[in-house]
1. Only one residue in 214, 196 is surrounded by 19 or more Cβ atoms within 10 Å (Cβ to Cβ) and modelled with pLDDT of 95 or more, so which one is that?
2. Checking the structure you have, find out if any residue of the stretch 283-305 is in contact with a His (Cβ under 8 Å, 6 or more places away or on another chain) and outside any loop (DSSP other than H, G, I, E, B).
3. Restricting to the stretch 251-284, name every residue that is among the β-branched types (Val, Ile, Thr) and in contact (Cβ under 8 Å) with a residue 40 or more places away in the chain.
4. Counting just the residues of the stretch 217-229 that are in contact (Cβ under 8 Å) with a residue 24 or more places away in the chain and under 21 Å from the mean Cα position of the chain (by Cα), which one comes out surrounded by the most Cβ atoms within 10 Å (Cβ to Cβ)?
5. Could you check the stretch 22-42 and list, in sequence order, the residues that are away from the ligand (no atom under 12 Å from the Cβ) and more than 17 Å from residue 152 (Cα to Cα)?
6. In the stretch 252-265, what count of residues is obtained for those that are under 12 Å from residue 291 (Cβ atoms), hydrophobic (A, V, I, L, M, F, W, C) and either within 11 Å of the ligand (Cβ to nearest atom) or assigned to a helix (DSSP H, G or I) (or both)?
7. Please list, ordered by first then second residue, the pairs with beta carbon atoms under 8 Å, 6 or more apart or interchain, first in the stretch 111-138 and more than 16 Å from residue 9 (Cβ to Cβ) and touching a residue at least 40 places away in the same chain (Cβ under 8 Å), second part of a helix (DSSP H, G or I) and of a type in the set (Asp, Glu).
8. Could you tell me which residue of the stretch 172-214 is farthest from the chain's Cα centre (by Cα), considering only residues that are β-branched (Val, Ile, Thr) and more than 17 Å from residue 244 (Cβ to Cβ)?
Amino acid sequence: MKKITCTAPVNIALIKYWGKRDEKLILPINSSLSITLDQNQLCATTTVTAGADLNEDRIWLNGLEESISKPRIQNVLKEIRCRSKLSELDEFAHVHIVSTNNFPTAAGLASSAAGYACLVFALAKLYEVDGEISDIARLGSGSACRSIYGGFVEWKKGTSVDGVDSHAVQIENNSYWPQLRILILVVNASKKSVSSTSGMQTSVATSDLLKTRSENIVPARLDEAKLAIKEKKFHDLTNIIMQESNQLHAICLDTLPPILYLNDVSKTIMKLVHQVNDYFGVNKLCYTFDAGPNAFIIVEEDNVPLVYNLIKTYFPPANKDSFLHGLEISEEETSQNLIEFIRMEPTPGAIDYVIHTKVGSGPQVLNR
Ligand code: DP6
């Protein structure tokens, strides 16, 4: 038996991927940019096993067996086997895949990106596939290709029809900007939202704004974001991040029928972020939202206590003891002047919990 266990991270897009030009190969209409999150707080763990006595491929996700015949899983397996010299051997004919997340899948936190990145990374190790593998992860889920690297990652959209040049590249590694922290505000939401896969399909079919965005807005914005990262200009970078998030959700509203991922709590979080930044006259924090109401707040380390205290003030936790997950945060009083400036009513219980994390590294081998 050959067996290998790996972990892979979640990533959060700063420049968003929304829309495909090829559904099967998962080729995007625009390039995107993300930060990879630390696997100590959020990761997928996948064990892949091969052996001559296995007589079929099988997969288990979070303890439940799933269908192995899903096209995306099949595409990934096919591509790995196609690139491996070991595929002809009896002992590599079939695999068993067991994958879990260390965070609730239901929270809507990009579990498919971590899951497919982990699957591809583990299979590549098992089948001894070297070289670029982010393009294989892309076949599982577009955003998964960015989880193949740590730090700051760009997914180059590529121009080739076969997708060979549509893969991820690392812009900077995870220790490049060590002060950056991410607070994930898991918003209490009972309604399941439209999946990104089907949401972006409808946007491509119906939104004129999306076409303008991918052709005329993203290329310049991506360059600006990369420059702000290079020069470590937090204020400029966070302005771009918020505009990007808002444009994604504007396009969702421009889609027919409209897709509404943000709820009232998300909007209150946005308002709070702008009030705080207005008060200081410079960005202390920013938000970004994907295909759901949860907020990803990006902030520098020194300002985490201030931001966390504001979150607790305006969204008093239903359960104080289990509110904060991940990295610790020291206590800090919020200034009375700031509270008076913000002038917002608290919404108790609106945020279920907060995950405090930082920028992290790419997939790892746990054991073989
Ligand atoms: C809003 O990668 O989940 O998170 O390629 O169809 O699997 P598929 O979609 P997916 O879309 C992610 C969309 C997003 C923005 C982003 O991560 O760039």
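The values are calculated or read from the model by the stated rules, or taken from the named source; none is laboratory data. These numbers were taken from a predicted model, which means no experiment stands behind them. Here Cβ is always computed from backbone atoms with ideal geometry, including for glycine, and neighbour counts include all displayed protein chains.
1. Working: 196 fails: modelled with pLDDT of 95 or more.
Of the residues listed, the single one that is surrounded by 19 or more Cβ atoms within 10 Å (Cβ to Cβ) and modelled with pLDDT of 95 or more is 214.
2. Taking the stretch 283-305 and keeping what is in contact with a His (Cβ under 8 Å, 6 or more places away or on another chain), we get 283, 289, 304.
With the extra rule that they be outside any loop (DSSP other than H, G, I, E, B), the set shrinks to 304.
Yes, the conditions are met somewhere in the stretch 283-305.
3. In the first step, residues of the stretch 251-284 are kept if they are among the β-branched types (Val, Ile, Thr); the result is 251, 255, 259, 265, 268-269, 273, 276, 282.
Scanning the stretch 251-284 gives 251, 255, 259, 265, 268, 269, 276, 282.
4. Of all residues in the stretch 217-229, those in contact (Cβ under 8 Å) with a residue 24 or more places away in the chain come to 217-219, 221-222, 225-226, 229.
Filter once more, keeping what is under 21 Å from the mean Cα position of the chain (by Cα): 218-219, 221-222, 225-226, 229.
Numbers: 218: 25, 219: 13, 221: 19, 222: 21, 225: 23, 226: 18, 229: 22.
Ranking the qualifying residues of the stretch 217-229, first place goes to 218.
5. 40, 41
6. Total meeting the criteria: 2.
7. Filtered contacts from the stretch 111-138: 136/79.
8. Residues of the stretch 172-214 β-branched (Val, Ile, Thr): 182, 184, 186-187, 194, 197, 202, 204, 206, 212.
Those left that are additionally more than 17 Å from residue 244 (Cβ to Cβ): 184, 186-187, 194, 197, 202, 204, 206.
Values: 184: 11, 186: 14, 187: 16, 194: 16, 197: 14, 202: 21, 204: 21, 206: 25 Å.
Taking the candidates together, the pick is 206.
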